[in-house]
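One structure below.
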Amino acid sequence: MSYRTIGLLCLLAVPGVVLAQRGGPPLPVGAAEDRAVVDLTGYWVSAVTEDWKFRMVTPNPGAYRGVPLNGEGQRVADAWDPDADEAAGEACRAYAAPAIMRVPGRLRVSWQDGDTLRIDTDAGTQTRLFRFDDVGAARGERSWQGHSVAEWQPSDAGGGNLRVVTTNLRAGYVRKNGVPYSENAVLTEYYDLHGAPNGDEWLVITTVLDDAAYFNGPFLTSTNFKRIPDDSGWDPTPCSVR
């Protein structure tokens, strides 16, 4: 079975992706903040429930199991040189949009304006801007966080999720040990909220990274965050190579 077949089967199991395929009720007119189908604002802390050895520590060179790298992707990963990245001032290669949600830490989600949702990370002190009103928006120079276009996806049963597509990226890493994605990669994310019986609220971010330059098929991940009441523990730290 090919990576792409496996990827498509996985996508069908993701509620947000199924919703995107079947559609939902029409959204009301108005600012994105006013017509939000879920409330993502506040503080969140990551729960590292899988891929611990790839996320909590810098993996060994060549540790790219689970990433559908093609031959060129493996060649680039095997050539990883952290000293060269540091000397070039590119310590944030593993903190770009395709990887930042996998970096353990905290998120602060707020509205920058009525049509722009903002996510700040304390890990790497990164800022992501999700633009709902993208008509005629200039892409500008490529950046670590790229250009993200967002849309609410309401559910027929109420609520729904957030879909975000990010392009215009600088080439970087999906893992800190140099596992690459190219500047032409396309990142699609689905943000779903889930309530636990004890009252806890969980944010599940499902990501699909497509990159014909380095991948044989889509790279899929699912990352969990727990809502926390305030900024306790908020600890902005710069990007690091190792």
Normalised by the residues of the stretch 52-126, what does the relative contact order come to in percent, with Cα pairs under 8 Å and at least six apart? 23
Listed with the fewest Cβ neighbours within 10 Å leading, I228, I205 appear as I228, I205
Computed for the chain: size of charge dipole around the Cα centre, +1 on C-beta of each Lys and Arg, -1 on C-beta of each Asp and Glu, debye to nearest 20, value 560
Dipole in debye (nearest 20) - the stretch 74-189, about Cα centre, beta carbon charges: Lys, Arg +1; Asp, Glu -1: 180
For the chain, with +1 on Lys and Arg beta carbons and -1 on Asp and Glu, the positive-most of V165, L117, T49 along the dipole: T49
So for the chain, taking the charge dipole from beta-carbon charges (+1 Lys/Arg, -1 Asp/Glu), which of V208, A79, W234 sits furthest toward the positive end? A79
Arranged by the count of other C-beta atoms within 10 angstrom, fewest first, what order do R108, R242, R93 take? R242, R108, R93
To the nearest 500 deg cm²/dmol, what mean residue ellipticity at 222 nm is calculated for the chain from DSSP H runs of n ≥ 4 alone, each contributing -39,500 (n - 2.57), summed and divided by the residues? -4000 deg cm²/dmol
For the chain, modelled as a Gaussian network with Cα springs under 10 Å, which listed residue fluctuates most, R139, R163, R128? R139
Candidates for Cα extents along the principal axes in Å are [x] 51, 42, 38; [y] 49, 43, 33; [z] 50, 44, 43, and the calculated one carries label [z]
Give me the distance between the Cα centres of the stretch 70-115 and the stretch 176-242, rounded to whole Å. 11
Report relative contact order for the chain in percent, whole number only (criteria: Cα-Cα under 8 Å, sequence separation at least 6). 26
Listed with the fewest Cβ neighbours within 10 Å leading, H194, H147 appear as H194, H147
Net dipole in debye of the stretch 56-99 [+1 Lys, Arg Cβ; -1 Asp, Glu Cβ; about Cα centre; nearest 20]: 260
Residue by residue through the stretch 33-38, the couplings from Karplus 6.51 cos²θ - 1.76 cosθ + 1.60 with θ = phi - 60°, in Hz, x for Gly and Pro, are 4, 6, 10, 4, 8, 9
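Read-outs: derived from the displayed coordinates by stated rules, not from any lab. All of these numbers come straight from a predicted model, not from anything done at the bench. Neighbour counts run over all protein chains shown; Cβ positions are idealised from the backbone, glycine included.
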